Amino acid sequence: MGDTGGMRLSELATALGCELRGDGDVEITGVAGMEQAGPSQVTFLANPKYASKVKGTRAAAVLVSAFIEGVGSAQLISSNPYYDFSRALALFYQPPKPAPGVHPQAWVAPSATVGEGASIGAFAVIGENAVVGRNAVIHPHVVVYEGAVIGDDFLAHSHAVVREFCRIGNRVTLQNSVVVGGDGFGFAKRADGTHAKIVQSGITVIEDDVEIQSLTSVDRATMGETRVKRGARIDSLVQIGHACVVGEDNIICAQTGLAGSSILEKNVLLAGQVGISGHLTIHDDVIVYAQSGIGGDIPAGSRMSGSPAFEARDWLRSITAFPKLPELLKTVRQLEKRLAALEPQS
């Protein structure tokens, strides 16, 4: 199941570049969370305020940012414990990787180009004039439409789809049932009230080092392109509408929706169930908290909450006051009655 075997703790410390405080000869067989870790596993402490939990762990070693007194486990001193925990996890577990080659039950069009070292799984389809780069792993039932161009080290899990003429860069991962380049949602109303479909003539472009999680759609543009820029991470069940731009290193969490022509600049974080109304710009380094609704441009560095969204600090004060409104209204009515009783009668 992808288990890479064990190693001594001293070897793990060297591989991670961490300072070891404790017995380096203990055998490490894997990694686990603080409460689940056993005596041959490594765990981590990312937030110092939970340091008290370390003293109760059964783990052989703990990745920490600074040495903690009174802990029975060995400690690996790291400048970034959470990141080094992820690196340790990769040392002990690697997902299965199919052997290079085209499965006999796959179909690759004669005009398509598939790079060296690629693996094409059963029932996958590579369309006419499509290009797939080197070392791609295309799992069963993936479909790449005509004219799509995909870079090196591509990974597509079952039922992912790359539609016609779309472009994908290097080191891109599509999880199960992602659709890149599905039609944008565009219709024109006829005089009789019925809807005429607008041809979606544009494409979707996914730049290098992007990962898109399961069941997410990135629509093609009506004209021009929809673009997801380098390093973006998009969670499951996200809708990216036509002609949107998702900026470099964005994080977009589950059940978020971007209406057409939304522009997200660098390092934007959208928490779960955020709604973006479209035809607006969210500038660099913005954080939008869960279940917020964005209806206009957002300045760089803002923290937004609520629907309609406004500054998170003001939202926190407002949401604290909100449950008190009925009692406040009752008090106002009582004061109005008292004032009315004090007024001289005409």
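Here, each number is a calculation from the coordinates, and none is a lab measurement. All figures in this text were calculated on a predicted structure; none of them were measured in a lab. Neighbour counts run over all protein chains shown; Cβ positions are idealised from the backbone, glycine included.
When the chain is treated as a GNM, springs tying every alpha-carbon pair under 10 Å, which of Leu269, Leu237, Leu20 comes out with the largest mean-square fluctuation? Looking only at Leu269, Leu237, Leu20, the biggest GNM fluctuation is shown by Leu20. Annotation: amide H-H contacts under 5 Å for Val137 (H modelled 1.01 Å from N, sequence separation of 5 or more, or interchain): Ser119, Phe154, Leu155, Ala156. In this structure, the amide hydrogen of Thr226, modeled 1.01 Å from its nitrogen in the peptide plane, lies closer than 5 angstrom to those of Ile203, Thr204, Val205, Ala221, Ala243, counting only residues at least 5 positions away or on a different chain.
Separation of region 193-250 from region 147-170 is 13 Å, based on Cα centroids. Taking 18 Å as the straight-line reach from the Cα of Lys53, the aspartates and glutamates in range (excluding those fewer than 8 positions away in the same chain) are Glu35, Glu69.
Counting Lys and Arg as +1 and Asp and Glu as -1, each charge on the Cβ, what is the dipole of the chain about the Cα centre in debye, to the nearest 20?
Values: 29 positive and 35 negative charges, 235 e Å.
Computed charge dipole of the chain: roughly 1120 debye.
Taking 0.36 nm per residue of sequence separation and subtracting the Cα-Cα distance, how much length would be gained by fully extending the chain between Ala300 and Gln36, in nm to one decimal? Walk me through the numbers on the way to the answer.
On the way: separation 264, 0.36 × 264 = 95.04 nm, distance 4.04 nm.
The span from Ala300 to Gln36 would gain 91.0 nm if fully extended.
The stretch between Asp25 and Leu329 holds 102.6 nm of extra length on full extension. This uses 0.36 nm per residue minus the Cα-Cα distance. Both radii were evaluated on the Cα set of the chain; the Rg over Rh quotient, with Rh as the Kirkwood radius, amounts to 1.12. Extending 7 Å from Cα along the Cβ direction at Ala196 and again at Leu89 yields two label points whose distance is 5.2 nm.
For region 7-92, a simple Cβ point-charge model (Lys and Arg +1, Asp and Glu -1, everything else neutral) yields a dipole of about 280 debye relative to the Cα centre. Most simply put, the chain has about 15% antiparallel DSSP beta bridges, counting only bridges with both residues inside it.
Of all DSSP beta bridges confined to region 111-222, the antiparallel ones make up roughly 10%. Treating each Cα of region 7-92 as one equal point scatterer and applying the Debye formula with no solvent, the log10 of I(q)/I(0) at q = 0.15, 0.23 Å⁻¹ comes out as -0.41, -1.08. If you average the C-alpha positions of region 290-346 and of region 259-284 separately, how far apart do those two centres end up, in angstrom? Comparing the Cα centres of region 290-346 and region 259-284, I get a distance of 26 Å. With θ taken as phi - 60° and the Karplus curve 6.51 cos²θ - 1.76 cosθ + 1.60 applied, the whole-hertz 3J(HN,Hα) list for region 199-216 is 4, 9, 8, x, 10, 10, 10, 10, 7, 5, 6, 9, 10, 10, 7, 4, 6, 9 Hz, x standing for glycine and proline. Which net charge results for the neighbourhood of Val332, defined as the other residues with beta-carbon distances under 13 angstrom from its beta-carbon, given Lys and Arg at +1 and Asp and Glu at -1? Net local charge, Val332 excluded: +3. Amide H contacts of Phe185 (H built 1.01 Å from N, in plane; Pro and chain starts excluded): His242 sit under 5 Å, all sequence-distant by 5 or more or on other chains. Between Ala46 and Ser214, residue separation times 0.36 nm minus the direct Cα-Cα distance comes to 57.8 nm. In sequence order, region 50-62 has phi-based couplings of 9, 4, 4, 6, 4, 5, x, 6, 9, 4, 5, 8, 10 Hz under the Karplus curve 6.51 cos²θ - 1.76 cosθ + 1.60, θ = phi - 60°, and Gly or Pro positions carry x. Sorted fewest first by neighbouring Cβ atoms within 10 angstrom, Asp314, Asp284, Asp235 come out as Asp314, Asp284, Asp235. Cut-off 10 angstrom, C-alpha nodes, Gaussian network model of the chain. Which of Gly33, Gly121, Gly278 fluctuates the most? In this elastic network of the chain, the residue with the biggest mean-square fluctuation among Gly33, Gly121, Gly278 is Gly33.
Phi angles of region 303-316 translate, via the Karplus equation with coefficients 6.51, -1.76, 1.60 and θ = phi - 60°, into HN-Hα couplings of 10, 10, 9, x, 9, x, 6, 8, 3, 4, 5, 5, 5, 4 Hz per residue; Gly and Pro are given as x.
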